[in-house]
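The structure appears below as structure tokens.
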Amino acid sequence: MSDRTAFRTCPLCEAGCGLEIGLKTESDGRETVTRIRGDQLDVFSHGFICPKGSTLKHLHEDPDWLRQPHVKVDGSFVPVSWDEAFETIAQAIRPILDAHGRDAAAVYLGNPNAHSLAPMFYNRTLIKAMGTRNRFSASTVDQRPKEVSAAMMFGSVAVPVPDLDRTDYLLMLGANPLASNGSLCTAPDFPGRLRRIQERGGTIVVVDPRRSETAEVADRHLAIRPATDAHFLAAIANTLLEDGTAAPGPLTAVTSGLDELGELLAPFTPESVAASTGLTAEEIRDVAGELIAAPTAAVYGRIGTTCQDFGTVSSWLVDVVNLLTGNLDRVGGAMFPTGAAGQPSTKGEPGRGRGFRMGRVASRVSGAPECFGEFPVSVLPEEIETPGQGQVRILVTVAGNPANSNPNSNRMNAALESLDFMVCVDPYINETTRHADVILPPPSPLQKPHYDLALLNFAVRNVANYSPPVLPLETTQLGEGRILLRLAAVFNGAPASGPEAESAADLLDEQAAQGLAGAAVSDRFGNVAERSPSELMEAAGDRRGAERMLDITLRTGPYGDGFISGAEGISLATLERHPHGVDLGPLEEHRLPGILRTPSATIELLNDMLRSELARLSGSLADAPPQMVLIGRRHIRSNNSWMHNIGVLTKGRNRCTLQIHPDDAERLGIADGAPARVTSRVGELVVDTECTDVVRPGVVSIPHGFGQNAPGVRLRVAAEYRGVNTNVLTDERDVDPISGNVALNGVAVTVTPATP
Ligand SMILES: Nc1nc2c(c(=O)[nH]1)N[C@H]1C(S)=C(S)[C@@H](COP(=O)(O)OP(=O)(O)OC[C@H]3O[C@@H](n4cnc5c(=O)[nH]c(N)nc54)[C@H](O)[C@@H]3O)O[C@H]1N2
Ligand SMILES: Nc1nc2c(c(=O)[nH]1)N[C@H]1C(S)=C(S)[C@@H](COP(=O)(O)OP(=O)(O)OC[C@H]3O[C@@H](n4cnc5c(=O)[nH]c(N)nc54)[C@H](O)[C@@H]3O)O[C@H]1N2
Ligand code: SF4
Ligand SMILES: [Mo]
């Protein structure tokens, strides 16, 4: 029985489903959650949720979720006040920064930041206050190659998404939305959207070394050899160019590099890539022919195409094929969303900008190029380990678990333990935060406001949806934005406690809002603003913190009243009146060339980095594949490394198994269910096997994110789980050369029976 119903967007994955939350007032006046189910009226998810959606209640009530700061004293964590926590940080970091400079402190931003409103704004403030070039994030174990390929082609991180609701033909590579619910393609009820493609007579083809849950429902599954997607896509592109069926249509006029493309892709014929991909030339030609013949078609690639050796060139080829088949920026093809917090098109004119540059600075130890203002996480351990000027001695993590999620976990754990000082903005004592000196826990998702600032820019429909906090903060808690502002103030040398610390945080908030309003109006997107910065600040009224930042962002976005003179544009107040979201309609076509931000105001297909990668790619055609390679997988009941503490999700059989093909298991003498020893260049582990023909021979699969049974971890449910951390095996040296993203898939391993 509920006394009240609240509506909120689920922040756990990219789908962003609407939740209906029942609340009851207890005798002490506090509200508790009675039930969470899908919000039938949500304009985007229409009632869909996955098994994780209802666990916001469990997360909120998890006794291991810290509700006040913790400081390590003599090796164990003790709860302290916020003032004490920030004083501890101030006293520890000041002498280190004074002696060794700003680069002695590094920051690592993890995945949940992308799902969290305040950090989307105030991580910038923190980073600025830290003044360090040593910036890292989970992006380089994830989507960085796609961001790079999009930025090269379009001049900004404008990533086309498959128009799921209107396409006739969907070619998906390295994505398993039936488990992940989609990524870089925000689509609540992805399974339903796929089903409807088939119901309207369309076709789904899945390219994956494993017969994933998504492959099972597809019309066709091509069991490609890991890390050869670029071979496959290059052969498709080359086939279309060779047989003259390539038809970029009106985009030809705004594309540069098309002439040279044929020559560079010439080595890749369906016949020449058959051996490496493990597919037949005929299968590849069929897909090429079908993509052209389909009334509309979209190619979509995800983790399997980005977290691999040829990440950037694979990601690039996805959109090259979308372009060559005439499906880029067209209904039913690969389209550019118009997020309410996103990038408007210039009016009428081709967009022009500074384009994409990387490598402005290089990392200290191995010279890895900067990309989007960050170094790849693959070099974080060496930056901590290697003495000298600029050595990383302090690490701040915000919503990240690099000890589990990054490659070569043994090395990462040792590096984290060797730091002089570590601060984690994180709710849990887990594999990473156990190394911390201070943990600053954010409130639970139900206590935070929400707007999918980043992810709605990748949505298959234009939608805007704001959720106010459902439950209040407890007296021991601090909002996440406030935590980041207070921490930034400490790095600025401001007082760490008392009223002066509060004022310092207020001042930073004021500066952040003014900076945003100023930047927005001074021609953020080549449009002329209708409102001055002070008008925007005034319009935000009494709002402060993330809500004020969001209001300014919405008002100066493509639907905002900051740009549309006279019209009732979207502001935060509009969204507050629509608890189920505002539907802004299906994706629009012809956003090109208006959204381009390349210096040439064209789609820039080629550059020297891509030319040299294509040479490496053709060189790799003759490579003998390793005998056995490791890939990852996800399960609908997991969320990277941090939700195994929720019992309703982890109950049931062990899901952290080594999937191995029965032929391989027999050859290696490994019985189904028996433990196997898996060894890579950097580490080894023992894991339960699961003999199954869902993986192709020569490929084994272990899901990531498990292994919470490490010493010092305080996750009482997760620690009991029979899981291992697969990133003990993944190799920080194995990176996509352009983006620096780690090749978490396609890792060479040996598998042997483990004698207990
Ligand atoms: N082998 C292998 N490894 C992988 C992958 C793979 O496919 N295979 N996938 C990679 C991918 S795609 C990603 S995105 C990375 C993720 O890498 P990370 O972001 O480093 O790790 P997560 O497992 O997402 O852990 C998130 C952390 O944030 C904390 N947290 C949760 N909610 C909040 C919050 O609201 N606020 C704050 N401050 N903290 C919060 C959690 O306690 C946890 O410590 O892992 C990568 N690692
Ligand atoms: N339930 C759940 N949902 C999640 C997450 C989670 O941990 N659990 N994590 C979230 C995050 S951070 C992200 S980034 C997204 C990721 O979303 P997805 O990209 O859909 O992630 P996966 O489910 O890992 O699917 C990747 C697929 O790539 C395949 N693969 C591996 N190597 C190759 C290869 O070389 N080539 C090809 N073609 N395929 C390959 C794998 O077999 C797997 O089926 O999911 C998000 N959603
Ligand atoms: S699919 Fe599940 S985890 Fe993802 S947003 Fe929807 S309910 Fe939340
Ligand atoms: Mo991710």
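The values are calculated or read from the model by the stated rules, or taken from the named source; none is laboratory data. All of these numbers come straight from a predicted model, not from anything done at the bench. With ideal geometry, Cβ positions are generated from the backbone for all residues, glycine too; neighbour counts draw on all protein chains shown.
For the stretch 286-298, the criterion of being farther than 17 Å from L240 by Cβ and small (G, A, S) is satisfied by no residue at all. Exactly one residue out of S76, S81, S2 is more than 16 Å from ligand 2 (Cβ to nearest atom) and at pLDDT below 95: that is S2. The single residue among L59, L41, L12 that is within 16 Å of ligand 4 (Cβ to nearest atom) and modelled with pLDDT of 95 or more turns out to be L12.
So that you can scan it fast, the table gives a plain yes or no per residue for (1) surrounded by fewer than 24 Cβ atoms within 10 Å (Cβ to Cβ); (2) under 25 Å from P593 (Cα atoms):
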{"site": "D219", "(1), (2)": "yes, no"}
{"site": "A223", "(1), (2)": "yes, no"}
{"site": "T228", "(1), (2)": "no, no"}
{"site": "F232", "(1), (2)": "no, no"}
{"site": "G244", "(1), (2)": "yes, yes"}
{"site": "P248", "(1), (2)": "yes, yes"}
{"site": "A253", "(1), (2)": "yes, yes"}
{"site": "S256", "(1), (2)": "yes, yes"}
{"site": "E260", "(1), (2)": "yes, yes"}
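I'd like to check something: does the stretch 346-366 contain any residue that is in contact (Cβ under 8 Å) with a residue 60 or more places away in the chain and not in a loop (DSSP other than H, G, I, E, B)? No, the stretch 346-366 contains no residue that is in contact (Cβ under 8 Å) with a residue 60 or more places away in the chain and not in a loop (DSSP other than H, G, I, E, B).
Within the stretch 341-350, identify whether any single residue is of a type in the set (K, R), surrounded by fewer than 24 Cβ atoms within 10 Å (Cβ to Cβ) and modelled with pLDDT of 95 or more, and answer yes or no.
First, the residues of the stretch 341-350 that are of a type in the set (K, R): 347.
With the extra rule that they be surrounded by fewer than 24 Cβ atoms within 10 Å (Cβ to Cβ), the set shrinks to 347.
Now narrow it down to the ones that are modelled with pLDDT of 95 or more: none.
No, there is no match, as no residue in the stretch 341-350 is of a type in the set (K, R), surrounded by fewer than 24 Cβ atoms within 10 Å (Cβ to Cβ) and modelled with pLDDT of 95 or more.
Hey, among R193, R285, which residue is farther than 19 Å from L617 by Cα, of a type in the set (K, R) and buried (at least 18 other Cβ atoms within 10 Å of the Cβ)? Explain how you work it out, then say what you get.
Numbers: R285 fails: buried (at least 18 other Cβ atoms within 10 Å of the Cβ).
Exactly one residue qualifies, and that residue is R193.
Set side by side, the residues L41, L56, L109 differ, and just one is over 24 Å from L416 (Cβ atoms), touching a Lys or Arg at 6+ places or on another chain (Cβ under 9 Å) and in contact (Cβ under 8 Å) with a residue 24 or more places away in the chain, which is L56. If you take the residues in the stretch 103-128 that are among the hydroxyl-bearing types (S, T, Y) and assigned to a helix (DSSP H, G or I), which one is farthest from I93 (Cα to Cα)? Per the criteria, the residue is Y122.
Tell me the strands (runs of 3 or more DSSP E) entirely within the stretch 399-491 that contain at least 3 residues that are more than 16 Å from ligand 4 (Cβ to nearest atom) and farther than 30 Å from L164 by Cα. If you could, list the steps in order and put the result at the bottom.
Numbers: elements: 421-425, 438-440, 461-464.
Of the strands (runs of 3 or more DSSP E) lying wholly inside the stretch 399-491, those with at least 3 residues that are more than 16 Å from ligand 4 (Cβ to nearest atom) and farther than 30 Å from L164 by Cα span 421-425, 438-440.
For the stretch 16-31, the condition holds for at least one residue, the condition being that it is in contact (Cβ under 8 Å) with a residue 60 or more places away in the chain, within 16 Å of ligand 3 (Cβ to nearest atom), out of contact with any Lys or Arg (no Cβ under 8 Å at 6 or more places or on another chain) and among the small types (G, A, S).
Could you list, in sequence order, all residues of the stretch 572-590 that are part of a loop (DSSP other than H, G, I, E, B) and surrounded by 21 or more Cβ atoms within 10 Å (Cβ to Cβ)?
Taking the stretch 572-590 first, the residues part of a loop (DSSP other than H, G, I, E, B) are 577-581, 587-590.
Once the filter is applied, which keeps residues that are part of a loop (DSSP other than H, G, I, E, B) and surrounded by 21 or more Cβ atoms within 10 Å (Cβ to Cβ), the stretch 572-590 yields G581, L587.
Might you check whether a residue that is on the phi < 0 side of the Ramachandran plot, surrounded by fewer than 22 Cβ atoms within 10 Å (Cβ to Cβ), within 14 Å of ligand 2 (Cβ to nearest atom) and of a type in the set (S, T, Y) occurs anywhere in the stretch 706-725? The answer is no; no qualifying residue exists.
Among strands (runs of 3 or more DSSP E) entirely within the stretch 613-731, having at least 2 residues that are more than 28 Å from the chain's Cα centre (by Cα), modelled with pLDDT of 95 or more and farther than 17 Å from N176 by Cβ singles out 675-679, 684-691. Take T475 and decide whether it is under 28 Å from A92 (Cα atoms), surrounded by fewer than 24 Cβ atoms within 10 Å (Cβ to Cβ) and either in contact (Cβ under 8 Å) with a residue 40 or more places away in the chain or among the hydroxyl-bearing types (S, T, Y) (or both). So T475 passes the test. Here E216 clears all of (1) within 14 Å of ligand 2 (Cβ to nearest atom); (2) within 24 Å of the chain's Cα centre (by Cα); (3) of a type in the set (D, E) except the condition numbered (2). A residue that is under 24 Å from the mean Cα position of the chain (by Cα), at pLDDT below 95 and not assigned by TED's automatic domain parsing to the domain that holds E213 occurs nowhere in the stretch 141-154.
What do you reckon, is P599 over 30 Å from S276 (Cα atoms) and not charged (D, E, K, R)?
yes
Evaluating Q198 against the criteria (1) over 29 Å from R733 (Cα atoms); (2) touching a residue at least 40 places away in the same chain (Cβ under 8 Å) leaves one unmet condition, (2).
Screening the stretch 611-641 for residues that are touching a Pro at 6+ places or on another chain (Cβ under 9 Å) and of a type in the set (D, E, K, R) and picking the one that is farthest from ligand 4 (Cβ to nearest atom) gives R616. Counting only strands (runs of 3 or more DSSP E) that sit wholly inside the stretch 1-74, those with at least 3 residues that are more than 15 Å from ligand 1 (Cβ to nearest atom) and surrounded by fewer than 17 Cβ atoms within 10 Å (Cβ to Cβ) are 31-38. Taken over the stretch 128-138, the criterion of being crowded, with 24+ Cβ neighbours inside 10 Å and either under 14 Å from N401 (Cβ atoms) or within 10 Å of ligand 1 (Cβ to nearest atom) (or both) is satisfied by F136, S137. Of all residues in the stretch 733-756, exactly one satisfies the criterion of being charged (D, E, K, R), away from ligand 4 (no atom under 16 Å from the Cβ) and buried (at least 22 other Cβ atoms within 10 Å of the Cβ), namely D734. In the stretch 129-150, the qualifying residues are those that are in a helix (DSSP H, G or I) and hydroxyl-bearing (S, T, Y), and the one that is nearest to ligand 4 (Cβ to nearest atom) is S139.
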